[in-house]
Amino acid sequence: MATKIKIGNGKIKFEERFERIIDKTVTKYGTGAKVDCPKEFLGRKVYLLIRPK
């Protein structure tokens, strides 16, 4: 099933089921940045949505 994401009026609608939604802050990592998540998701496909400040 292809993922469909609709963004409008400040709301996001996903037409796919998700196991978990994690709200994290991006932290510095060397010369880049990272977002931590549980080890149980290693090798899984994820979506990273960047919210406005």
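When only Cα pairs below 8 angstrom with a gap of at least 6 residues are kept, the chain shows a relative contact order of 17 percent. For a 19 Å ceiling on Cα separation, which of these pairs sit above it: K11/K39; K6/K34; K4/K45? Check vs 19 Å cut-off fails for K11/K39; K6/K34. Residue separation of I50 and K24 scaled by 0.36 nm, minus their Cα-Cα distance, works out to 8.3 nm of gained length.
When the square roots of the Cα gyration tensor eigenvalues are ordered a ≥ b ≥ c, the ratio a/c for region 12-53 is 1.5 or more and a/b does not exceed b/c, which makes its shape oblate. For region 34-53, the residues whose backbone nitrogen is under 19 Å from a point 7 Å from the Cα of F14, taken along Cα to Cβ, are 35-52.
Computed from the coordinates by the stated procedures, all read-outs in this text should not be read as laboratory data. What you see is a predicted model; the values in this text were computed from it and never measured. FYI the Cβ positions are ideal-geometry reconstructions off the backbone, even for glycines, and counts take in every protein chain you see.
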